[in-house]
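S.K.: One structure is given below, represented as structure tokens, and several questions about it will come after.
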Amino acid sequence: MCERELDALDLTINVKKSCCLRIGARNNIICQPLHSLSGTSLQWVTDIKYLGIHIVNSKSNAVSNDVLRVHFFIWAQYIFSNVFLNVNDVVLCSCKSNT
């Protein structure tokens with residue numbers, strides 16, 4: 001139905017880049033495949049990446065922070081390794097203040 005309306009507007013759906021994600025109370029129920037007008041079916045996935053944000057299927061709209069956390073630590077490790085690259089000895093100390 002939607003694809004016919006998009007076709008009337010001279011827009012197309014790229015089936016190779018499109019997928020389906022179910023969010024709601026019945027998110028873990030297996031769904032029937034959706035077929036396009038050309039006969040190819042859209043795949044059902046458990047998470048998608050949209051504009052750099054990873055959205056996962058759940059009872060409510062949920063965003064996965066796992067990928068963001070991993071990328072944060074990768075960049076932090078990169079920055080710290082370059083900052084301390086030319087330092088011979090790095091000494092970290094913890095001081096307790098009694099004020």
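S.K.: For K59 and I30 in the same chain, what is the full-extension length gain: residue separation times 0.36 nm, less their Cα-Cα distance, in nm?
M.R.: Roughly 9.0 nm would be gained on extension.
S.K.: Can you give the direction-averaged projected area of the convex hull of the alpha-carbon atoms in the range 19-68, in nm²?
M.R.: Over every viewing direction, the Cα hull of the range 19-68 projects on average to 4.1 nm².
S.K.: Using +1 at the Cβ of each Lys and Arg and -1 at the Cβ of each Asp and Glu in the range 2-83, identify which of S36, Y50, L68 lies farthest towards the dipole's positive end.
M.R.: L68
S.K.: Lys and Arg at +1, Asp and Glu at -1: add these up for the other residues within a Cβ distance under 13 Å of D66 and post the number.
M.R.: +1
S.K.: Sticking with this one: What's the magnitude of the charge dipole for the range 2-83 around its Cα centre, counting Lys and Arg as +1 and Asp and Glu as -1 at the beta-carbon? Answer in Debye, nearest 20.
M.R.: Computed charge dipole of the range 2-83: roughly 300 debye.
We did not get these values from a lab; they are worked out from the coordinates using the rules stated. Treat the numbers as computed from the prediction; the structure is a model and nothing was measured. Cβ: placed from backbone, ideal geometry, glycine included. Neighbour counts: every protein chain shown.
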